[in-house]
Amino acid sequence: MSITTGNILEVRGLTARYGEVTALRSADLDLKEGELIAVLGPNGAGKSTLMRSIVGLTSASGDVRFRGELLPRNAAAVAARGIALVPEGRGIFGPMSVEENLQLGAYMINGRGEDYERRLSRVLTLFPRLKERLSQAAGSMSGGEQQMLAVGRALMADPKLLLLDEPSLGLAPKVTAEILETLAELNRSGLSVLLVEQKAPLALKIASRAYVVVNGRISTEIDTKEITSHDQLARYYFQ
Ligand SMILES: Nc1ncnc2c1ncn2[C@@H]1O[C@H](COP(=O)(O)OP(=O)(O)O)[C@@H](O)[C@H]1O
Ligand SMILES: [Mg+2]
């Protein structure tokens, strides 16, 4: 099926509730093989719920297909198919060393297999700052370095699809730009990327398309070439 549609990810009618609150209402989304797209929207819109529902961390109804095959609603099984999520807030283990955190990313999929060294060296080439800090406690690094570690840890699983939930949160503009440029580079080398961002102008620079989530609904799909000003973007948020 992926050959006919060319989509690595197809989300259909995804709906998630927390008790009485419906946080995500019948979301539809497509990501083509090799594409990098952005998911924008204000705080509380349902972006994290969308990400967590895709990877099976939040119970949801609806269909998520990966290369045409229905994904099980189970986070470990989803990870094993080749989908990695860099969660909001990074989720790294502060007292553990940088290298131990990276090892965890590899363990989650296939243990510390023969491929470990190759994966580690690829991650350290992408983020040389981690190389200098391999034995340092992850929690003692700067926010930007911790975000690099969170991305690096996800890459240790050698994913085909990378989901990122607000990687720029709390980071200085320069560090954010550096991380987004690395994502663009990964995408150019073939990785499919779904990027949640509140800092829309930055995300739109590297994305080919964007979805806007408002009040739990994916309200619009926009071609990033159409967006040339803040005002135009605000129209999508406040329509
Ligand atoms: N664990 C939870 N329990 C109850 N409500 C939640 C939970 N997580 C998120 N919500 C609610 O769901 C809605 C969407 O949240 P979220 O997906 O985190 O939005 P965003 O990532 O766009 O800021 C919000 O109204 C939020 O308060
Ligand atoms: Mg969020």
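The values are calculated or read from the model by the stated rules, or taken from the named source; none is laboratory data. Predicted model, so just to flag it, every value in this text is computed and none were measured. For neighbour counting, all protein chains shown are included, and Cβ atoms are generated from backbone atoms with ideal geometry for every residue, glycine included. To get the accessible areas, we keep the full protein, side chains included, count just its heavy atoms, and leave off ligands, DNA and RNA. Shrake-Rupley method; radii C 1.70, N 1.55, O 1.52, S 1.80 Å.
Observations on the model:
- Amide proton proximity set for LEU9, modelled H, under 5 Å, gap of 5+: LEU31, ARG67
- With at most 16 neighbouring Cβ atoms within 10 Å, loop chymotrypsin sites (Phe, Trp or Tyr not before Pro) (DSSP) excluded, longest segment of the chain: 94-237
- Descending Cα extents along the principal axes, region 1-132, whole Å: 45, 37, 24
- GNM result for the chain, Cα springs below 10 Å: residue of GLY105, GLY41, GLY89 fluctuating most strongly: GLY89
- Shown for the chain: the carbon plus sulfur share of the solvent-accessible area, taken with all protein chains present and a 1.4 angstrom probe, equals 51%.
- Amide H contacts of ARG73 (H built 1.01 Å from N, under 5 Å, at least 5 apart or other chain): none
- Loop GluC sites (Glu not before Pro), region 1-62, which have at most 14 other Cβ atoms in a 10 Å radius of their Cβ (DSSP): GLU20
- Kirkwood-based Rg to Rh ratio, the chain, C-alpha trace: 0.95
- Lysines with Cα under 23 Å of LYS205, excluding same-chain neighbours fewer than 8 positions away: LYS32, LYS47, LYS160, LYS174, LYS225
- Total charge dipole magnitude, the chain, about the Cα centre, Cβ charges on Lys, Arg, Asp, Glu only, Debye to nearest 20: 140
- Computed accessible area, LEU70, all protein chains, 1.4 angstrom probe, square angstrom: 90
- Mean separation of Cα contacts under 8 Å, 6 or more apart, over the residue count of region 88-159: relative contact order %: 53
- Only Lys, Arg, Asp and Glu carry charge here, each on its Cβ (+1 for the first two, -1 for the last two); on that basis region 88-159 has a dipole of about 120 debye about its Cα centre.
- Taking all Cα pairs closer than 8 Å and separated by 6 or more residues, the relative contact order of the chain comes to 27 percent.
- Reported value for region 88-159: 79 Å³ per residue, from the convex hull of its C-alpha atoms.
- Computed packing ranks the peptides 190-196, 122-128 as 190-196, 122-128, most packed first, by mean other Cβ atoms within 10 Å.
- From phi via Karplus (6.51, -1.76, 1.60), per-residue ³J(HN,Hα) for region 64-71 in Hz, x at Gly/Pro: 10, 10, 10, 6, x, 9, 4, 7
- Proximity of backbone amide H atoms, modeled 1.01 Å from N, is registered between LEU24 and ALA16 at under 5 Å, excluding neighbours fewer than 5 places apart on the same chain.
- The loop-placed GluC sites (Glu not before Pro) in region 43-114, going by DSSP, that have at most 12 neighbouring Cβ atoms within 10 Å of their Cβ come out as GLU114.
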